[in-house]
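The values are calculated or read from the model by the stated rules, or taken from the named source; none is laboratory data. Model, not experiment: these values are computed from the prediction. FYI the Cβ positions are ideal-geometry reconstructions off the backbone, even for glycines, and counts take in every protein chain you see. We work out accessible area using only protein heavy atoms, side chains counted, and drop any ligands, DNA or RNA first. Shrake-Rupley method; radii C 1.70, N 1.55, O 1.52, S 1.80 Å.
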Amino acid sequence: MPPRLRVLPAAAAALLAACLPGPARAHDTWFELRQAPSATGAQLALGTGNRFPVMEYPLGFEQLRHSGCRGADGSALPLAHAGDEALALRLRVAHAAGGGLSCWAQTQAFEVELSPPLVALYLKEIQAPPTVHQAWAEQRARGQAWTERYTKHA
């Protein structure tokens with residue numbers, strides 16, 4: 001198989017893996033303001049769910065690879081662990097009221113293995129070309145599972 005076609009199965013599945021139910025496969029990850037900026041800073045929640053704005057799965061602070069915020073003046077501000085809620089990670093940022101705040105987080109890489117029926121469903125949903133179906137059939141014939149590695153960004 002030409003090198004450019006070898007990535008098609010993984011790319012197709014990666015695109016759709018975010019739609020799978022479950023904590024490692026949920027679609028949306030977002031911040032929610034829990035306490036407006038004040039003299040003590042702002043409190044944010046970071047969680048994941050299949051349907052915004054319902055947080056269904058928390059992320060652990062140890063799962064964050066990079067995170068932070070920028071104030072309206074462009075200054076970098078770190079996010080600190082402020083505790084865990086049932087469905088969200090609580091974060092604190094030292095930021096005074098009255099300015100804009102833009103925050104980000106990237107998780108460590110997660111690896112998942114998809115079952116053959118699920119891969120077949122996704123290939124059908126994305127109307128994958130015959131070359132992708134053929135590559136997947138060859139991979140299965142060799143006894144190789146469909147695995148994906150991804151990170152989440154919010």
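For this structure, a couple of remarks:
- Annotation: Thr107 fulfils all but one of (1) open to solvent by 70 Å² or more (accessible area, probe 1.4 Å); (2) within 17 Å of the chain's Cα centre (by Cα); the unmet one is (1).
- Residue check, Ala86 open to solvent by 80 Å² or more (accessible area, probe 1.4 Å) and closer than 21 Å to Trp30 by Cβ: yes
- Inclusion of Ala137 among residues that are part of a helix (DSSP H, G or I), in contact with a helix residue (DSSP H, G or I) (Cβ under 9 Å, 6 or more places away or on another chain) and at pLDDT 90 or above is not warranted.
- Test: residue in the range 9-30 that is modelled with pLDDT of 85 or more, more than 15 Å from the chain's Cα centre (by Cα) and part of a strand (DSSP E or B): no
- Scope the range 116-125; condition open to solvent by 60 Å² or more (accessible area, probe 1.4 Å) and either of a type in the set (Gly, Ala, Ser) or touching a residue at least 60 places away in the same chain (Cβ under 8 Å) (or both); matching residues: Glu125
- Counted residues, the range 52-82 - those being part of a strand (DSSP E or B) and within 20 Å of Val112 (Cβ to Cβ): 4
- Against the conditions (1) in contact (Cβ under 8 Å) with a residue 12 or more places away in the chain; (2) more than 24 Å from Arg149 (Cα to Cα); (3) surrounded by 12 or more Cβ atoms within 10 Å (Cβ to Cβ), Pro78 satisfies every one except (3).
- Verdict on Ala72 being in contact (Cβ under 8 Å) with a residue 12 or more places away in the chain, exposed (fewer than 11 other Cβ atoms within 10 Å of the Cβ) and under 14 Å from Leu101 (Cα atoms): no
- Of all residues making up the range 140-152, the number that are without any contact (Cβ under 8 Å) to a residue 40 or more places away in the chain, surrounded by 10 or more Cβ atoms within 10 Å (Cβ to Cβ) and not in a helix (DSSP H, G or I): 3
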